[in-house]
Amino acid sequence: MKQPAEPVIVEQDFEASIGEVWNAITQLDRMRQWFFPNIPSFEANVGFRTAFDIQSGERNFRHLWRIMEVVPEKLIKYHWSYDEFPGEGMVTFEISSKDNLTRLRLTNEGLETFPDDIPEFSRESCESGWKFILGRNLKEFLEKH
């Protein structure tokens, strides 16, 4: 059994209201525009589950999400796993105000439970992926809306 790793934490500030950021991370039509376009359904309700496939090279990653905690306009926490690979993690999105901006803090825990030999599960891949998703995709989405 591997030792628990430090969580991956990525923070991003937005020139958008807390409500706009909350809606972007919890409303299906908005999530499809910046997060994953093929999310089949989503509800910001504890116990809600969804599953969808993402291809990375030759590998398929069937994402399995279950919502664990919701505090409207403050926090949403997912249980995150994959059909094809062992391991499970938690991904938490927390929203707060900072200097007339809205800060989104993402915490990704449990990375050490996934296989070491899959590059997409490396700490570096996880950090760079979240920085791209939040710092480019979500930022551009919020700037347009």
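Contact annotation: residue pairs with Cβ atoms under 7 Å, 6 or more positions apart or on different chains, pairing a residue in the range 32-51 that is closer than 24 Å to K131 by Cα with a partner that is in a loop (DSSP other than H, G, I, E, B), are R32/I39; T50/I39; T50/P40; T50/S41; T50/F42. I9 fulfils the conditions (1) at pLDDT below 95; (2) assigned to a strand (DSSP E or B) except for a single criterion, (1).
Say whether the condition of being in contact with a Ser or Thr (Cβ under 6 Å, 6 or more places away or on another chain), under 27 Å from D116 (Cα atoms) and in a loop (DSSP other than H, G, I, E, B) is met by at least one residue in the range 35-53. No; the residues of the range 35-53 include none that is in contact with a Ser or Thr (Cβ under 6 Å, 6 or more places away or on another chain), under 27 Å from D116 (Cα atoms) and in a loop (DSSP other than H, G, I, E, B).
Listed here are the residues, each with its yes/no results for (1) of a type in the set (A, V, I, L, M); (2) under 19 Å from G19 (Cα atoms); (3) modelled with pLDDT under 95.
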{"site": "S56", "(1), (2), (3)": "no, no, yes"}
{"site": "Y78", "(1), (2), (3)": "no, no, no"}
{"site": "T92", "(1), (2), (3)": "no, yes, no"}
{"site": "G135", "(1), (2), (3)": "no, yes, no"}
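It is to be established whether one or more residues within the range 72-88 are surrounded by 18 or more Cβ atoms within 10 Å (Cβ to Cβ), of a type in the set (S, T, Y), touching a Ser or Thr at 6+ places or on another chain (Cβ under 8 Å) and in a strand (DSSP E or B). So far as the range 72-88 goes, yes, one or more of its residues are surrounded by 18 or more Cβ atoms within 10 Å (Cβ to Cβ), of a type in the set (S, T, Y), touching a Ser or Thr at 6+ places or on another chain (Cβ under 8 Å) and in a strand (DSSP E or B). Scanning the range 1-25 for residues that are among the charged types (D, E, K, R) and without any contact (Cβ under 8 Å) to a residue 40 or more places away in the chain yields one hit, E6.
Please verify whether T113 is buried (at least 16 other Cβ atoms within 10 Å of the Cβ) and within 20 Å of E20 (Cα to Cα), treating the condition exactly as stated. Lay out the reasoning, then the answer.
Numbers: buried (at least 16 other Cβ atoms within 10 Å of the Cβ): yes; within 20 Å of E20 (Cα to Cα): no.
Against the criterion (buried (at least 16 other Cβ atoms within 10 Å of the Cβ) and within 20 Å of E20 (Cα to Cα)), T113 does not qualify.
Of the residues screened, I67 is not one that is over 21 Å from T113 (Cα atoms) and under 13 Å from the mean Cα position of the chain (by Cα).
The values are calculated or read from the model by the stated rules, or taken from the named source; none is laboratory data. What you see is a predicted model, and the numbers here were worked out from it, not measured in a lab. Positions of Cβ are generated from backbone atoms using ideal geometry, with glycine treated the same way; all protein chains shown enter the neighbour counts.
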